[in-house]
Amino acid sequence: MGGYYGLAALAGVALLLTTGRCDVSCRGMDGQAGEAGARGRDGYPGPKGEKGEPAVIANGPVDAAVLLRLRGEMGNRGPPGVMGPKGYRGHLGAMGNPGEVGRPGADGKKSGQGGRHSPQQARSAFSVIRTVNSYPRVGQVVTYQTTVVNKPEDFNAATGHFTCRISGVYYFTFHSVAKVSMCLNIASNALTNKLGFCDYTRNNAQDQVLSGGVVLQLTAGQRVWLESFKDQQKTSAMADTQEKQIIFNGFLLFSNPE
């Protein structure tokens, strides 16, 4: 019985192989490519990689030319920045050592006719008074009877002249008191023209005060004086013998070495 079933199975396999054999002409057609599928979503960024290893530098001297090629070009100069606030004043430093003694200065120059003068010696001042009652003669130098100050005797009261001894700048002034009209000049060979001053009165009852002054630059030997002159005075005024006074003053403001 068992042998029958085995024989039947072999017969079935043989039949299948006989009926399933096909030649080349019975080959099927190639299929068409399928459509592309939809694009997938972007993936998430991956994690940051680890830091690389430092470059390995060969032993030995470094070539400067190589470093210059690796160095970038210099950029343009930037604009100046805003000025910062003023700093605080620093502490006072310690006192320095004394300096060396300087060389002696040059010799001083002569001033005036009296030789060299120190600041204490460069002095000149006078004050004199005319006390006679007669009217000063027109065109004549006024002379004086009383000397109040005359240091160091640069003024000659008898001739009425001040003679400059120390070159410098001087101030001269006068005051006259009379009951008649008076005209006086300040004269000097340092002036191109005389400086005239006048005071007039209508009657001879009241005192008339006449004043004048000038600042002069003088050199040694130049002179200054007062003199009377005729302007609009009456003839009777010049014959007047009432009490009169003329005060003449002068002094050195500062000296100028020649």
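The values are calculated or read from the model by the stated rules, or taken from the named source; none is laboratory data. These numbers come from a predicted model, not from an experiment. Virtual Cβ from ideal backbone geometry, glycine too; neighbours counted across all protein chains shown. The area values use the complete protein model at the heavy-atom level, side chains included, leaving out ligands, DNA and RNA. Shrake-Rupley method; radii C 1.70, N 1.55, O 1.52, S 1.80 Å.
With all protein chains in place and a 1.4 Å probe, the accessible surface of the range 130-258 carries 49 percent carbon and sulfur.
Legend: residues F197, F126, sorted from most to least accessible area (1.4 Å probe; ligands, DNA and RNA excluded), read F197, F126.
Cα gyration tensor of the range 128-171, axes a ≥ b ≥ c as square roots of the eigenvalues: rounded (a/c below 1.5), prolate (a/b > b/c) or oblate? Mind dumping the intermediate values first?
Details: a/c = 2.77, a/b = 1.73, b/c = 1.60.
Prolate.
Rounded to the nearest 10 square angstrom, K234 shows an accessible area of 140 square angstrom against a 1.4 Å probe. Averaged over its residues, the range 159-258 has an accessible area of 49 Å² per residue, based on protein heavy atoms and a 1.4 Å probe.
The residues neighbouring A187, those whose beta-carbon lies less than 11 Å from its own, together hold a net charge of +1 under the Lys/Arg +1, Asp/Glu -1 convention.
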